[in-house]
């Protein structure tokens, strides 16, 4: 296809296409998505190109923690900085944006790979800096569904768990935070294969991104069928989970038991 043909299909100026192709200007994610539609690029190649476009825009405070944070997670924090909403299912651990320093420190201490005290302190400092996305002047909307195992599995000392459970109750009262617990009594559910995060953005044309994390890396899904599937799973989970008031009651009960 010639640049003229591409410009005509997109109803863009031909000079814009030429500047993009020659590298004389950057490209927005939405514009790249439109080009990929024209070029009929799908699957993993499409996801990789969209991820590269997002990475190209990300030069934020989190890069100063590159000595303790892997590059693949820096990409997530960059997306988190742009996001207007995060919706996540957490099967085993309190999500990072809601963790207390002592809880995170206790979790890091059980990792099979030993880290120095300085590295652990740096990771905790980084984790605390991320909390501004929930508590700062322009907070994102956070909707978290946690498996009941998250609040019952002891991490660290009793005091650490009491502090963490109390913090969850406090954060659940914030207008931008919705917290639900999926109780054991709910039985089987559609996310039994693991947790996930749905990243939503403020611009309507910019679709959700699905974030999946493993021990050694991460995966970003942007294809509509995958995004629709995870959004459907999340909707099923929130229907099965305790509502926010019931969740606070359960958290208070577990806190009393601790």
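Computed from the coordinates by the stated procedures, all read-outs in this text should not be read as laboratory data. All values derive from a computational prediction rather than experimental measurement. Note: ideal-geometry Cβ built from the backbone for every residue, glycine included; neighbour counts use all protein chains shown.
Within the range 40-58, can you find the residues that are over 23 Å from residue 78 (Cα atoms) and loosely packed, with under 13 Cβ neighbours inside 10 Å?
Listed by number, the residues that qualify are 40, 42.
Number of residues in the range 15-37 that are surrounded by 15 or more Cβ atoms within 10 Å (Cβ to Cβ) and touching a helix residue (DSSP H, G or I) at 6+ places or on another chain (Cβ under 6 Å) equals 7.
Screening residue 23 with (1) on the phi > 0 side of the Ramachandran plot; (2) touching a residue at least 24 places away in the same chain (Cβ under 8 Å); (3) more than 29 Å from the chain's Cα centre (by Cα) gives one miss only, at (2). When residue 2 is tested against (1) surrounded by fewer than 14 Cβ atoms within 10 Å (Cβ to Cβ); (2) over 30 Å from residue 126 (Cα atoms); (3) under 25 Å from the mean Cα position of the chain (by Cα); (4) free of Cβ contacts under 8 Å to residues at least 24 places away in the same chain, only condition (3) is not met. Taken over the range 214-251, the residue count meeting the criterion of being closer than 28 Å to residue 166 by Cα, in contact (Cβ under 8 Å) with a residue 60 or more places away in the chain and surrounded by 14 or more Cβ atoms within 10 Å (Cβ to Cβ) is 10. Checking every residue in the range 6-17 against the condition of being in a helix (DSSP H, G or I) and under 30 Å from residue 216 (Cβ atoms) gives zero matches.
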